[in-house]
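A.B. asks: This is the structure, below, for whatever I ask next.
The values are calculated or read from the model by the stated rules, or taken from the named source; none is laboratory data. Keep in mind the model is a prediction, meaning the values are calculated, not measured. Cβ: placed from backbone, ideal geometry, glycine included. Neighbour counts: every protein chain shown. We work out accessible area using only protein heavy atoms, side chains counted, and drop any ligands, DNA or RNA first. Shrake-Rupley method; radii C 1.70, N 1.55, O 1.52, S 1.80 Å.
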Amino acid sequence: MEKQVLTVGTAQEGTRLDKAAAGMLGITRSAVQTWLEQGRIILNGAAADKKRLLQSGDVLEVTPPEPAPCAAVPQNIPLDIVYEDDELLVVNKPKGMVVHPAAGHTDGTLVNALLAYCGNSLSGINGVMRPGIVHRIDKDTSGLLIVAKNDHAHQHLARQIRDHSFTRKYEAVVCGHLKPETGTVEAPIGRHPIQRKKMAVTEKGSRPAVTHYEVIAYFPGYTHVRLRLETGRTHQIRVHMAWLGHPVAGDTVYGPPRGLRGLAGQCLHARLIGFCHPMDNRYLELSSPLPEYFIHFLQQLGGTESCRNP
């Protein structure tokens, strides 16, 4: 892969090398640390420690490794493609589909479908098991997800996510009547201190997380809500809503242990994404209609029309 030369700006000044490089490159900090150990990242012409604090004007020379052959198998799985060009595509992921292969889900994933559809035209930055994957949504969350076809597009999009300029709006049904009708949840999220497969609002080992919400409609015992992510932590909406005492309906991980009739997993849909295109920086905004399962659940609750202030 081609060498990249990156100049540190004022936004990264005083930041640790591994943290800043991860954000600039759109990869994980552990990957940056590995590349530093391998001599693939050079600071101002010389090797540098991962803890080095950067200064504005510092120059990083990055030589990424050649991507290894993908272990995932292409599978001819239909994709609902909302938008596509030579740089990226936007997929409307159905509820129940896993994004990338992992333990217990080795096939039938979005990555398996993308490999069959795109072949080798996917970015390799996130590793051989996550080709093209810039961001994720949970298995039981439906909606829009962007896929990069090359590393340039991947890095451009990842920077927007890091800089909070990538628009992500969701709709959900949550338990109870969420008050006030508009608000912002600003609470750090990290690994649960005891249940390590879960996330939690915690000060220990956490990262800042911000979710904005607006009530769409109230129903008996539930609220239909619109949410906008300012940050994108794992399970962020589900954790923040549960922390407020209003878990997402059907979420048996952060809510009641029993599911709801007619719902398999949480009632959460990635409704809209907006971003600047990697090639010409024009702003694109794409939306997805509420899926059938979501509409059916609203109808069970009493309709899809607003019934505010019960």
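A.B. asks: Can you give me the Cα centroid spacing of the range 101-131 and the range 237-298 in angstrom?
C.D. replies: A separation of 23 Å, based on Cα centres.
A.B. asks: A further question follows. Using Stokes-Einstein with the Kirkwood hydrodynamic radius over Cα pairs, what translational diffusion coefficient do you get for the range 18-95 at 37 °C and a viscosity of 0.692 mPa s, in µm²/s rounded to a whole number? Mind showing how you got there, number by number?
C.D. replies: Numbers: Rh = 15.6 Å.
The diffusion coefficient I find is 211 µm²/s.
A.B. asks: Can you give me the long-range amide H partners of Ala187? Hydrogens built in the peptide plane at 1.01 Å from N, cutoff under 5 Å, separation of 5 or more residues or another chain.
C.D. replies: HN-HN under 5 Å from Ala187: Ala209, Thr211.
A.B. asks: Let me cross-check Arg196: its accessible surface, 1.4 Å probe, with only protein heavy atoms counted, in Å² to the nearest 10?
C.D. replies: 140 Å²
A.B. asks: Solvent-accessible area per residue for the chain at a 1.4 Å probe radius, Å²? Intermediate results must be reported in sequence, preceding the final value.
C.D. replies: On the way: 15030 Å² over 310 residues.
The answer is 48 Å² per residue.
A.B. asks: A further question on this structure: Probe 1.4 Å, all protein chains in place: accessible area of Tyr283 in Å², nearest 10?
C.D. replies: 110 Å²
A.B. asks: With the cut-off at 29 Å, tell me which of the pairs Lys19/Lys197; Lys93/Lys149; Lys3/Lys95; Lys50/Lys169; Lys169/Lys197 have Cα atoms farther apart than that.
C.D. replies: Values: Lys19/Lys197 24 Å; Lys93/Lys149 17 Å; Lys3/Lys95 39 Å; Lys50/Lys169 35 Å; Lys169/Lys197 25 Å.
Table pairs above 29 Å Cα-Cα are Lys3/Lys95; Lys50/Lys169.
A.B. asks: Counting only protein heavy atoms and a 1.4 Å probe, tell me what percentage of the chain's accessible area is made up of carbon and sulfur.
C.D. replies: Details: 7470 of 15030 Å².
Carbon and sulfur atoms account for 50 percent of the accessible area of the chain.
A.B. asks: Helix-derived [θ] at 222 nm for the chain: sum -39500 (n - 2.57) over DSSP H runs of at least 4, divide by residue count, nearest 500?
C.D. replies: Numbers: 6 runs with 57 residues, N = 310.
It lands at -5500 deg cm²/dmol.
A.B. asks: First obtain the Kirkwood hydrodynamic radius of the chain from its Cα pairs, then insert it into the Stokes-Einstein equation at 10 °C and 1.306 mPa s, and state the resulting D in µm² per second as a whole number. Don't jump to the answer; show the numbers that get you there.
C.D. replies: Numbers: Rh = 20.8 Å.
Roughly 76 µm²/s, to the nearest whole number.
A.B. asks: Taking the dipole about the Cα centre of the chain, with the C-beta of Lys and Arg at +1 and of Asp and Glu at -1, give me whichever of Ala172, Gly255, Leu145 is farthest to the positive side.
C.D. replies: Final value for the positive-end residue is Gly255.
A.B. asks: Can you list the GluC sites (Glu not before Pro) in the range 1-88 that are in a DSSP coil and have 14 or fewer other beta carbons within 10 angstrom?
C.D. replies: Glu2, Glu13
A.B. asks: Mean separation of Cα pairs under 8 Å and 6+ residues apart, divided by the residue count of the chain: what relative contact order is that in percent? Walk me through the intermediate numbers first.
C.D. replies: Details: 662 pairs, mean separation 43.6, N = 310.
Relative contact order for the chain comes out at 14 percent.
A.B. asks: Could you tell me which GluC sites (Glu not before Pro) in the range 225-310 are loop residues by DSSP with no more than 14 other beta carbons within 10 angstrom of their beta carbon?
C.D. replies: Values: sites: Glu230, Glu285, Glu292, Glu305; in loops: Glu230, Glu305.
Passing both the DSSP loop test and the Cβ count: Glu305.
A.B. asks: Explain nothing, just the number: dipole magnitude of the range 1-116 about its Cα centre with +1 on each Lys and Arg Cβ and -1 on each Asp and Glu Cβ, in debye rounded to the nearest 20. Spell out each step's value before the answer.
C.D. replies: Working: 10 positive and 14 negative charges, 119 e Å.
It comes to approximately 580 debye.
A.B. asks: Most fluctuating residue of His156, His164, His224 in a GNM of the chain with Cα springs under 10 Å: which is it?
C.D. replies: His164
A.B. asks: Under unit Cβ charges (Lys, Arg +1; Asp, Glu -1), what dipole magnitude, rounded to 20 debye, does the chain have relative to its Cα centre? Display every interim value, and only then the final one.
C.D. replies: Values: 34 positive and 29 negative charges, 235 e Å.
That gives a dipole near 1120 debye.
A.B. asks: For the chain, with a Gaussian network of springs between Cα atoms less than 10 Å apart, report the residue from Gly132, Gly26, Gly108 with the top mean-square fluctuation.
C.D. replies: Residue with maximal mean-square fluctuation among Gly132, Gly26, Gly108: Gly108.
A.B. asks: Considering only protein heavy atoms, what is the solvent-accessible area of Ser30 at a probe of 1.4 Å, reported in Å² to the nearest 10?
C.D. replies: Taking all protein chains as shown, Ser30 has close to 70 Å².
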